[in-house]
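First the structure, in the form of structure tokens, and then the observations on it.
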Amino acid sequence: MLKRLYHWTLEKAAHRQAERWLGGVSFVESSFFPIPPDVMLLPMCLSRPDKAFRYATICTITSVLGAVLGYAIGYFLFETVGQPIIEFYGYTGDFESFATNFNEQGWIIVLLAGFTPLPFKVITIAAGATGLPLHILIPAAIIARGARFFLVAALLWKFGEPMKAFIERYFGMLTALAGVLLVGGFVAIRYLF
């Protein structure tokens, strides 16, 4: 099933609306959506390595804009919208202790969460809920998300076809590894809270 989804995504990555979908997924992932944009970025870069850096730019810009939405959710709508999102990811109990220390190390946490598989939306909502200044959040998000997406784009641009063959050959193992990294990200963020 996952392999069929992978091939379907590769087909859609060549679709004329793929860039809009990529931007949309990247935007909502930074504020509330659980699926990372890498799910689309990877096959799009593999199918069109000549556009890899364009795709990374789209991901970076829309992800940072989505981070501002996540911040607004935390700042203006924490109790009605932000708290249920935090609860969904299982961080409600530790959120209060985390919030008191967040602004002291907020930029480091944003950098870490923006570059790794940690749930970035939890951090952007926390930034708004704790009042982390936007002039700290936005540059940290630009650096972290840009580094993440441009690293992926650069690797796929440089090693596109061999990387595609590698992914197709070891798809099962790679999805298992991605799952382990995702769970590890959740565990790591729990220790930050």
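When you look at L192, is it modelled with pLDDT under 65 and touching a Pro at 6+ places or on another chain (Cβ under 8 Å), yes or no? Taking the combined requirement at face value, the residue does not satisfy it.
Every test in (1) among the hydrophobic types (A, V, I, L, M, F, W, C); (2) over 22 Å from G128 (Cβ atoms); (3) at pLDDT 75 or above; (4) open to solvent by 20 Å² or more (accessible area, probe 1.4 Å) is passed by L22 save one, and that test is (4). Residue-level check: of (1) at pLDDT below 85; (2) part of a helix (DSSP H, G or I), T124 misses just (1). Which pairs do you get when a residue that is touching a residue at least 60 places away in the same chain (Cβ under 8 Å) and part of a helix (DSSP H, G or I), found in the range 51-77, comes within reach of a residue that is surrounded by 23 or more Cβ atoms within 10 Å (Cβ to Cβ) and among the acidic types (D, E), reach meaning Cβ atoms under 9 angstrom, with the pair 6+ apart or on two chains? Note: pairs meeting the criteria are S63/E29. When F150, F159 are checked against the criterion of being at pLDDT 90 or above, under 17 Å from F53 (Cα atoms) and open to solvent by 40 Å² or more (accessible area, probe 1.4 Å), F150 stands alone in meeting it.
Considering only residues that are more than 12 Å from F33 (Cβ to Cβ) and small (G, A, S), look in the range 57-76 and name the one that is most open to solvent (accessible area, probe 1.4 Å). Only one residue tops the list, namely A72.
So, of the residues in the range 85-99 that are exposed (fewer than 13 other Cβ atoms within 10 Å of the Cβ) and free of Cβ contacts under 8 Å to residues at least 24 places away in the same chain, which turns out to be nearest to the chain's Cα centre (by Cα)? Outline the logic, then answer.
Taking the range 85-99 and keeping what is exposed (fewer than 13 other Cβ atoms within 10 Å of the Cβ), we get 87, 93, 96-97.
From what's left, free of Cβ contacts under 8 Å to residues at least 24 places away in the same chain: 87, 93, 96.
Numbers: E87: 19, G93: 23, E96: 24 Å.
It comes out as E87.
Within the range 29-46, no residue satisfies the criterion of being open to solvent by less than 60 Å² (accessible area, probe 1.4 Å) and of a type in the set (V, I, T).
The values are calculated or read from the model by the stated rules, or taken from the named source; none is laboratory data. All of these numbers come straight from a predicted model, not from anything done at the bench. Please note: Cβ atoms are built from the backbone with ideal geometry, for glycine as well, and neighbour counts cover all protein chains shown. SASA here: full protein model, heavy atoms, side chains in, ligands and nucleic acids out. Shrake-Rupley method; radii C 1.70, N 1.55, O 1.52, S 1.80 Å.
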